[in-house]
Every structure is written in C-alpha cells, then in structure tokens.
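Notes to accompany the following structure.
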Amino acid sequence: MPSLGADMDAGTLVEWMVKPGDTVQRGQVVAVVETQKGAIEVEMWQSGTVDKLLVTPGTKVPVGTRLALIATKGEVSATPEPVAAEPAPAAAVTPGPPVAHPEPHPAGARARVSPAARRRAEELKVDIGIVQPAEPGATISLADVERAAAQLQVRPLEAAPPAAAAGDWHAQMRKAIANAMSRSKREVPHYYLSTQIDVSRVSDWLIGENLKRPVASRLLPVVPLMKATALALREVPELNGVWLNGVFRQSSAVHLGMAIAMRGGGLVAPAIHDADRKTPDELMAALRDLVARVRGGRLRSSEMSDPTVTLTNLGEQGVEQVFGVIYPPQVAIVGIGKIVERACVKDGWIAARKVVVATLAADHRVSDGHRGGLFLAALDRLLQEPEKL
Amino acid sequence: MDISQNRAYTRKEILEAILDALGAIAPEVDFSKVDPERPLRSQVDLDSFDFLNAIIRLHEKLGIDIPEQDYGKLGTLNSTADYLSQRLSADAATR
C-alpha cells in the first residue's frame, strides 16, 4: 500500500486491474485504492510480471503493506519484488487488519475471507479473526460473519442512510487535512516571506495570447504563474524536495502540487509532473485534466505522492495574500493572491499597474530567508518576460 | 451554415442554455434559488476554471465565442442572457 500523502496511514484496496501472470509496465495503473481523499489509481513504478496478488479487494491495510508480488525481468518468481515498497514517509507499519491471502492455508493459519464478509464484519464490528468458516479450510463467507455476530450478540450498527455517506466522506477528508496540517505546524519551522510583483506585462501578454486562441484553448492567469514558479525553483532548489527522516532530499524534477478545492469542501494538492519543462499550453491542459479528475474522477498514485512543492492560488476569492501551511514532507508552499490594479510609482511617475502578492512559506530546517527571498526575486524577474515562459 | 444555427433563440432558451452550462459545472446548486439580478459568483461557488468551462459550453451550445474583454458583462444570470441575446441577434443580422 503506497503512501499517497503524509496524511494517509491506511487504504482500502477496491479493485485489481491485473491478475497473476500479467505483464505490467512502469506507470501502468494496476489497482484502485480508496483513501480519505477518494479513490486513487495505483501505478506501477517498475515493469515486470504479476506473480501474486496478496490483498483481496475490500481489504483495508496500513501503508507499507505488500499488495502483490511482481517478478522483474530475469527473475524467478521465488525472489519477487514487493509492490508498495516505495519509500513511505512516516509510514511506521503498525499491525493492521489481517491481510487475506489468496493461497491455501495450513491448519492454524488465518482463513480466507470473502470481501463481502470482510465488509459485513466491519459493519457489525465483529473481529474477523474469531469468525470460523462453515467447513474447515473454506473461505469465510458473509453468512459465517453474520452467524458469529449473532452468537456474540453484537448489536449490528444501523445501516447508514445514503445521505450519511457523503457526510462521512467529508469527515474523513477533514480528518486527513487535520492530520497533515497539525503535523506540519508541529514539526515544520515555517518562515514566511511576501513580495508584490508587477504582473502588467504578463497580463497584457495573456490578453494577446487569448485573443489569438479559440475559447477552448484559452490560458488562465494561473498558468504563467505556475511556469514562472517552476522555473524559479530551479534557481533555488532547496525549496524543491522532501524532508524525510531528518534529511532533505532535493528533487531535480519540479513536480508542482496544485492546491485544488473540492466542491462541497476539502482540498487536495496533486502534482503536475515536470512543470518546469512544460509549455504554457501543456500546463493548461494538465491543469484542466487534474481539476476535472479532482472534481469527478480519479487521481493517480504518482500525483498524490510525488509533489515536490505546492502552489496555492486563492486570488479567485478576492484574497490578496495567502501564507500557506507546508504539506509534509515538502519543504515549501508558494502562495498567489488576487491580481489587482494599484497606483504604483515608477521612475518618479504614478501609474496604474496590475500587481499580485506572491508569498513563500518555507521550512527553516532546509533554507533561510535569504534564499527564500532569492526565489521570490526570480519569480518576479521571470514574470517580466512572459513570452519566454 | 446549418439552418438550426440561423434561427432566433428565445430568451427562455438562452437562459436554459446558461443554466445547462452552469448545472454541469456546479451540480450541487439549486438554480431555482439563484437570484437572476444578483452577482452569480456571490451565489454560486465558481472559480475561473469553472467560469471558463461555462464559456466553452455556451460556445458549443450557442456558437457564440465570448471574448475575455466581455467577461465583465456576465455578472448575473440576467446580464448574461442580455449579452447573449444581443450577440445572437447581431450574428443573425450579419449573416
């Protein structure tokens, strides 16, 4: 079970999209996992052949649990690579619910459990470990769970009305955000910087670009800001990476986490990979795809686990400046406020200029205010030449 | 040009097209409760992405490409309907 964010400690395997014997490629979606932030598609990070699926759909397992065994090229299946061996930040693997095994068990070992039975056991609050199958060696079925529940005289929980599902999901989401943000405020010594940037040129450039474009390929103002942020991070790389086990790991790639609000509350900050190497059009397309999937579809595991920095843009709601809370294990968050017109003095003259306040909240264990200031200066400089973005 | 594109739209049809575009973006909103005279964005949680998507949908539906400089005229449901009917009749006149 990969860690799909610092706030995740367990996930429920919903569906396998491969079976033993299948060849899988790096990046291929092999499973769907339900997390507090919705269903996530789990991608492979190496190619190989599926040897064994170790977790059955419907099972909730802690981060770090092996989900399947993958034999890589030239390997015999006896020395398989475990899936979910990804470095899982803060994933102390605690003993979790029993993992169903797809192979016959010797006497005394845990019996197999059908997904429906497992769900029912959770609903009835029955410890699946005490449930006996109808015949020795058989799979524990839904009926077995219900019989055990009756014997224990455990009062079943009332079935939740459908409307409660959304409320529960909302509570889960709040819990996930609470965990990550509390950890950040507890562990990360933030420092905060802010600067006003003249974005008149980039605004003019954008108007000109959009006049040339059909409505469906117009760019939003956030796009040049994303690109400039990604490029400025190359110049101050100690803001781009993750803090793991007391050590900063700088990232050579800029995977820009975009804070995206979800309808009905909550937010996620999935990554746009290699944002520094994408053109404005590619960034717009990537953002469009991401927003659509945040609001109505599925995110992918790499998008959840890969961000090396986050960009938050609250200008939409009229906020002039936003000081973000760093999303662990990242070490910086860049905030963009609303683009406003202001009277600015330039060369002794007062002129109406479009300006935006850009902020940086960064981890003082990794960088200092001086370097953070250089980042904001680079962001300013890059935005003065929008045609080069 | 397709004949159907040439016909005049009634105001009701224009409003329906607007609500259809918004409904696809903000399915949780009960548009019967939206005041057509009050600013839309103070009543419906729309960000610039949602707004752009609504513009794209209106373009698909009515064939009107709304330039960015006209976005300011789309503040309320009524002003959006006014703007679109104006644009549609102007288009019909130039055909």
query = Among the numbered criteria (1) at pLDDT below 90; (2) within 14 Å of another protein chain (Cβ to nearest Cβ); (3) surrounded by fewer than 16 Cβ atoms within 10 Å (Cβ to Cβ), which single criterion is violated by residue B:3?
reply = (2)
task = Can you tell me which residue among A:295, A:234 is in contact (Cβ under 8 Å) with a residue 12 or more places away in the chain, surrounded by fewer than 22 Cβ atoms within 10 Å (Cβ to Cβ) and away from chain B (no Cβ under 14 Å)?
result = A:234
Condition check for residue B:81: under 20 Å from residue A:214 (Cβ atoms), of a type outside the set (D, E, K, R) and in contact (Cβ under 8 Å) with a residue 60 or more places away in the chain = no
Contacts under 7 angstrom Cβ, first residue in the stretch B:45-60 being at the interface with chain A (Cβ under 7 Å from one of its Cβ atoms), partner assigned to a loop (DSSP other than H, G, I, E, B) and of a type in the set (D, E, K, R), 6 or more apart = B:52/A:218; B:59/B:65
request  = State which residue is surrounded by the most Cβ atoms within 10 Å (Cβ to Cβ) when the search covers only the stretch B:37-60 and only residues that are of a type in the set (Lys, Arg) and at pLDDT 90 or above.
outcome  = B:57
message = Of the residues A:303, A:341, only one is of a type in the set (Asp, Glu), surrounded by 15 or more Cβ atoms within 10 Å (Cβ to Cβ) and in the same structural domain as residue A:255 (by TED's automatic domain parsing); which?
response = A:303
request  = Kindly list the number of the only condition in (1) within 14 Å of the chain's Cα centre (by Cα); (2) assigned to a loop (DSSP other than H, G, I, E, B) that fails for residue B:54.
outcome  = (2)
Search result, residues across the stretch B:68-95 that are within 12 Å of chain A (Cβ to nearest Cβ) and either surrounded by 16 or more Cβ atoms within 10 Å (Cβ to Cβ) or modelled with pLDDT of 90 or more (or both) = B:70, B:71
ask   = When both residues are 6+ apart or on different chains and their Cβ atoms are under 6 Å apart, which pairs have a first residue that lies in the stretch A:334-346 and is within 11 Å of residue A:357 (Cα to Cα), and a second that is of a type in the set (Asp, Glu)?
value = A:337/A:320; A:338/A:320
note = Of those in the stretch A:283-328 that are among the charged types (D, E, K, R) and assigned to a loop (DSSP other than H, G, I, E, B), the residue nearest to residue B:54 (Cα to Cα) is A:298
remark   = Picking from B:17, B:24, the residue that is assigned to a helix (DSSP H, G or I) and either of a type in the set (Phe, Trp, Tyr) or touching a Leu at 6+ places or on another chain (Cβ under 9 Å) (or both) would be B:17
ask   = Mind checking whether some residue in the stretch A:357-368 is β-branched (Val, Ile, Thr), part of a strand (DSSP E or B) and assigned by TED's automatic domain parsing to the domain that holds residue A:224?
value = yes
key: Residue check for residue A:381: in contact with a helix residue (DSSP H, G or I) (Cβ under 9 Å, 6 or more places away or on another chain) and of a type in the set (D, E, K, R)   = yes
task = Look at residue A:210 and say whether it is touching a Leu at 6+ places or on another chain (Cβ under 8 Å) and within 11 Å of chain B (Cβ to nearest Cβ).
result = yes
request  = Of the conditions (1) of a type outside the set (A, V, I, L, M); (2) within 14 Å of another protein chain (Cβ to nearest Cβ); (3) assigned to a loop (DSSP other than H, G, I, E, B), residue B:36 clears all except one; give me its number.
outcome  = (2)
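The values are calculated or read from the model by the stated rules, or taken from the named source; none is laboratory data. Just so you know, these numbers come straight off a predicted model, no measurement behind them. Neighbour counts are summed over all protein chains in view; Cβ atoms, including those assigned to glycine, are modelled from backbone coordinates with ideal geometry.
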